[in-house]
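Undergrad: Below you'll find the structure I mean.
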Amino acid sequence: MEHGFDAIVLGAGAAGLMCAARAGQRGRRVLVLERASAPGKKILISGGGRCNFTNIGAGPANYLSANPHFAKSALARYTAQDFLELVESYGIAWHEKTLGQLFCDGSAKQIVALLLEECAKGGVEIRCGEEIARVEQDDGFTITTQTGSYRAPALVIATGGPSIPKMGATGFAYDLARQFGLKLVEPRPALVPLTLGGEEVLFRDISGVSAPVAVSANEASFAEAALFTHRGLSGPAILQASSYWRPGEPLFVDFLPQRDAAWLLDAKRANPRAGLRAHLRDAFPARLADILTDKLALEGELGNLPDKALRAAGERLKRWEFRPNGTEGFAKAEVTVGGISTAELSSKTMAAKRIPGLYTIGEAVDVTGWLGGYNFQWAWASGVAAGDAL
Ligand code: FDA
């Protein structure tokens with residue numbers, strides 16, 4: 001049995017490493033136990049290998065949670081600017097790609113190296129390749145792995161969510177939550193492509209086509225690109241909306257985000273000899289224009305088409321209803337919506353209210369960010385909140 005630690009952090013991902021570094025630098029003796037062979041594997045593949053490490057505009061409105069207020073405290077106390085300053089202190093070059101999304105110019109490896117250096121400064125011990133067999137609680141916590149047993153008065157669950165099991169992601173955090181009697185908000189895949197069936201399979205024929213759109217699901221709306229795939233719908237606008245979409249519900253795509261529903265009527269007045277199909281081909285990629293024209297079931301010169309039909313077509317293009325028949329699941333989901341209920345936790349420290357010494361942070365918690373650096377910002381902010389409290 002190894003004693004001598006003030007805290008054990010389970011999981012050497014974004015949140016766990018940040019938390020361990022903060023606590024270590026405050027003089028706490030911290031042990032991190034990681035199942036994978038190396039720390040920070042999800043960070044390494046994030047942002048296409050360049051890690052979208054934060055979003056400069058990150059605020060509570062960019063997160064989903066059963067309690068939308070929960071994330072406020074941690075996000076306010078450790079901001080995107082704070083993480084950016086840390087990145088700059090390591091001389092890591094970065095750029096804003098779009099919409100406040102900050103990426104490394106070089107490689108995501110630089111972010112992992114930063115976190116490991118911060119841990120080293122705090123004397124944190126990181127052990128990889130540890131299979132956790134048992135977690136027991138008496139007057140502290142005892143963690144048993146295949147290499148031995150470790151004890152500490154505080155335990156931090158930072159093992160993430162079940163998205164991308166191929167990367168070693170598991171529902172282990174939820175198993176531990178159940179063991180400790182903490183409530184869960186039903187986890188479901190988020191930032192995930194949606195699948196189409198029935199009559200909508202026709203859209204699969206235009207796999208590879210993308211277009212700027214605005215996508216709405218459950219009152220949330222995102223103006224970015226959508227991509228048609230061989231299984232259905234993807235691209236940033238769809239991924240964002242997927243976090244809000246529920247099975248059985250419709251998804252609305254505005255194919256004319258910069259125009260209004262009278263677009264075709266205006267075109268009829270300006271150029272009555274233009275064909276509807278040709279007009280749509282001017283506005284959309286040709287294959288998308290063709291499928292939309294076919295589905296609108298209108299053909300011929302604009303001047304010969306009734307105003308009523310053109311207005312209805314414009315309205316349909318502004319609010320095209322899709323009925324996805326599912327998602328591509330955790331295998332393709334960038335994150336998980338749901339998780340350990342925030343009702344169980346202190347929003348200031350991430351401590352479990354009913355279990356002294358137990359903390360949970362990062363994606364394991366029912367706080368999920370939009371696409372665009374928001375999830376890492378939550379990992380950093382919740383990691384700091386717990387790290388400063390340990
Ligand atoms: P994370 O998953 O990072 O870490 C959990 C750790 O716990 C892992 O190292 C895991 O191996 C370990 N673990 C699991 N079970 C264990 C067990 N039983 N025992 C011990 N250890 C265990 N976000 C963003 O803001 N910008 C981006 O660019 C991207 N890009 C991106 C790309 C892809 C492909 C994915 C899948 C995800 C993203 N994300 C993202 C989301 C982001 O990666 C995610 O939100 C954070 O990594 C969550 O951090 P955590 O530390 O909570 O979990």
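Undergrad: What residue among 187, 247, 236 shows peak mean-square fluctuation when the chain is described by a Gaussian network model with Cα springs under 10 Å?
TA: Result for the chain, Cα springs under 10 Å: 247 fluctuates most.
Undergrad: Take the alpha-carbon positions of region 1-146, form their convex hull, and give its projected area averaged over all directions (one quarter of the hull surface) in nm².
TA: If I average the Cα hull's projected area over directions, I get 10.2 nm².
Undergrad: Given that compact globular proteins tend to follow 2.2 N^0.38 Å, what is the ratio of the alpha-carbon Rg of region 194-327 to that value?
TA: 1.04
Undergrad: Additional query: Based solely on C-alpha atoms, express the radius of gyration and the Dmax of the chain in angstrom.
TA: 24.3, 85
Undergrad: With the other protein chains left in place, how much accessible area per residue, in square angstrom, belongs to region 303-364 at a 1.4 angstrom probe?
TA: 43 Å²
Undergrad: Which loop GluC sites (Glu not before Pro) in region 65-162, with loop taken from DSSP, have no more than 13 other Cβ atoms within 10 angstrom of their Cβ?
TA: In loop regions of region 65-162 (DSSP not H, G, I, E or B), the sparsely surrounded GluC sites (Glu not before Pro) are 131.
Undergrad: Something else: Which of the GluC sites (Glu not before Pro) found in region 162-263 are loop residues per DSSP with 12 or fewer other Cβ atoms within 10 Å of their Cβ?
TA: The qualifying sites are 219.
Undergrad: Any chance you could give the angle, 0 to 90 degrees and rounded to 10, that helix 286-296 forms with the longest Cα principal axis of the chain?
TA: In the chain, helix 286-296 runs at an angle near 70 degrees to the longest axis.
Undergrad: Using a simple charge model, +1 on the beta-carbon of Lys and Arg, -1 on the beta-carbon of Asp and Glu, nothing else, what dipole does region 200-294 show about its Cα centre, in debye to the nearest 20?
TA: Dipole magnitude for region 200-294 comes out near 320 debye.
Undergrad: Still on this structure, I have one more. Considering only the chain, what is the antiparallel percent among its DSSP beta bridges, to the nearest 5?
TA: 75 percent
Undergrad: Also, quick follow-up: With a 1.4 Å probe and every protein chain kept in, tell me what percent of the accessible surface of the chain is carbon plus sulfur.
TA: About 52 percent, which is the carbon plus sulfur part of the accessible surface.
Undergrad: Between region 201-277 and region 140-157, what's the alpha-carbon centroid distance in Å?
TA: 50 Å
Undergrad: From the phi of every residue in region 166-179, what ³J(HN,Hα) in whole Hz does the Karplus formula 6.51 cos²θ - 1.76 cosθ + 1.60 yield, where θ is phi - 60° and glycine or proline is x?
TA: Values per residue, Gly and Pro as x: 4, 8, x, 5, 9, x, 4, 4, 6, 4, 5, 4, 4, 4 Hz.
Undergrad: Kindly report the accessible area of region 69-198 per residue (heavy atoms of protein chains, probe 1.4 Å, no ligands, DNA or RNA), in Å².
TA: Ligands and nucleic acids excluded, the figure is 44 Å² per residue.
Undergrad: Just to confirm the number: angle between the C-alpha axis of helix 307-318 and the first principal axis of the chain, 0 to 90 degrees, nearest 10?
TA: 10 degrees
The values are calculated or read from the model by the stated rules, or taken from the named source; none is laboratory data. In this text, all values refer to a predicted model and were calculated from it rather than measured experimentally. Don't worry about glycine lacking a Cβ; one is built from the backbone with ideal geometry, like all the others, and counts go over all protein chains shown. Heavy atoms of the whole protein, side chains included, go into the accessibility calculation; ligands, DNA and RNA do not. Shrake-Rupley method; radii C 1.70, N 1.55, O 1.52, S 1.80 Å.
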